[in-house]
Amino acid sequence: MSTVYDVVIVGSGPAGLAAAIYGQRAGLSLLVLEEAYVSGGQVINTYDVDNYPGLPGISGMELADKFYEHARSMGAAFMTAAVRSISEKDGLKEIHTSKEKLLARTVILASGARHRLLGVPGEEALTGMGVSYCATCDGAFFRDKTVAVIGGGDVAVEDAIFLARGCKKVYVIHRRDQLRAARILQDKLKELDNVEMKWSCVADEIQGDGQVSAIKVRSVKDGQVSQLPVDGVFIAVGILPNTSFVKDFVQLDEGGYIIAGEDTKTSVPGVFAAGDVRTKALRQIITAAADGANAITAVEEYLLNV
């Protein structure tokens with residue numbers, strides 16, 4: 001007879017690990033699935049985390065390890081496996097993984113999201129060494145320095161406005177000759193004296209030896225190449241939620257995020273979404289952890305009523 005878990009948690013970033021901790025405290029039988037060999041999600045790629053309450057300056061890897069060890073100390077079980085799809089049968093959820101089929105009464109989808117990459121030389125090597133995908137997370141490290149923001153949507157402009165408060169100079173590099181961001185954001189950006197627009201330009205390369213020192217910029221109009229000395233590069237060209245395995249199972253929005261509110265309930269009863277994978281305004285470590293706690297509350301409510 002196959003084990004039937006009260007809840008299977010897909011993903012072991014802050015949302016999944018918080019759910020595991022709260023689930024163990026609630027006495028639920030649970031299993032955490034993680035495709036990678038290291039738990040923590042995107043946070044493990046953050047050199048310093050300076051905005052998690054009570055732990056200023058902790059490294060992303062160390063914080064992820066604390067989350068993981070807390071869950072393990074509570075007795076949470078983990079399996080390294082990729083989830084291929086999820087279906088329903090006889091009132092249970094069937095989780096089809098790269099290793100085996102699992103059965104559960106409920107599922108928490110905490111598979112997270114990944115930043116869309118530029119795909120240029122230097123980006124991967126210098127991630128965490130001046131290349132960042134989160135201005136609110138890392139902007140404080142560039143106070144009185146020169147940085148570049150790549151993108152033209154709401155997030156890019158919001159990042160530029162945020163960074164301009166503390167940075168000496170902010171370049172905004174956008175491949176078009178006008179921004180896509182909301183007009184109110186564009187108006188705020190235009191008021192800032194330390195922001196310079198690089199219109200109709202793309203980044204061809206991020207340069208630096210162990211730390212970002214410059215970015216190579218090319219005009220899409222005439223092909224002219226220039227080099228901008230910068231201390232940091234903030235990339236804001238979109239985020240891709242990890243939801244391909246449930247696109248035919250739960251309702252997604254046009255961006256591919258799982259439609260779920262603060263109660264984490266999805267369009268499928270007994271299936272919940274927590275962290276960056278769900279529709280939400282703010283995607284941070286602390287909000288992901290809060291989602292994990294909310295999801296377990298929703299799981300308990302569901303199990304009491306089925």
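We did not get these values from a lab; they are worked out from the coordinates using the rules stated. Since the structure is predicted, the reported quantities are computational estimates derived from the model, not experimental observations. Quick reminder, even Gly has a Cβ in these numbers, built from the backbone with ideal geometry, and neighbours come from all protein chains shown.
The stretch between Leu303 and Ala36 holds 93.2 nm of extra length on full extension. This uses 0.36 nm per residue minus the Cα-Cα distance.
The Cα center of the stretch 7-35 and the Cα center of the stretch 149-194 differ in position by 38 Å. Helix 14-25 and the longest principal axis of the Cα set of the chain meet at an angle near 30°.
Only lysine pairs 8 or more places apart, or on different chains, with alpha-carbon atoms under 25 angstrom apart are counted in the stretch 131-235, and they number 21. Distance between the modelled labels on Glu62 and Trp199, one decimal in nanometres: 4.6 nm (7 Å Cα→Cβ projection).
Quick one: of the DSSP bridges fully inside the stretch 131-235, what percent are antiparallel, nearest 5? The antiparallel fraction comes to roughly 45 percent. The C-alpha atoms of the chain define a longest principal axis, and helix 154-164 lies at about 60 degrees to it. Taking 0.36 nm per residue of separation and subtracting the Cα-Cα distance, full extension of the segment from Met74 to Asp248 would add 59.3 nm.
Among Ile206, Ile184, Ile58, the largest mean-square fluctuation in a Gaussian network model of the chain (Cα springs under 10 Å) belongs to Ile184.
Rounded to the nearest 10 degrees, the inclination of helix 60-73 to the longest alpha-carbon principal axis of the chain is 10 degrees.
Of all DSSP beta bridges confined to the chain, the antiparallel ones make up roughly 45%.
Here each label is just a point 7 Å from Cα along the line to Cβ, and for Asp144 and Glu123 those points are 3.2 nm apart.
Loop-located GluC sites (Glu not before Pro) in the stretch 175-276 (DSSP state not H, G, I, E or B) with no more than 14 neighbouring Cβ atoms inside 10 Å: Glu191, Glu254, Glu262. Counting only Cβ charges, +1 for Lys and Arg and -1 for Asp and Glu, the dipole size of the chain around its Cα centre is about 400 debye. You can think of it this way: the chain between Ile184 and Asp222 has 10.6 nm of extra reach, that is 0.36 nm per residue less the Cα-Cα gap. The fraction of all Cα pairs in the stretch 107-167 landing in successive 5 Å bins from 0 to the largest distance is 4, 15, 25, 22, 17, 8, 5, 2, 1, 0, given as whole percents.
Its Kirkwood hydrodynamic radius, worked out from the mean inverse distance over all distinct Cα pairs, puts the stretch 147-306 at 18.2 Å.
What the pair-distance distribution of the stretch 131-235 shows, using all Cα-Cα distances binned every 5 Å from zero, is 3, 14, 26, 25, 20, 9, 2, 0 percent. The residues neighbouring Cys137, those whose beta-carbon lies less than 12 Å from its own, together hold a net charge of -3 under the Lys/Arg +1, Asp/Glu -1 convention. Computed over the chain, the range of Cα coordinates on each principal axis works out to 67, 35, 33 Å, biggest value leading.
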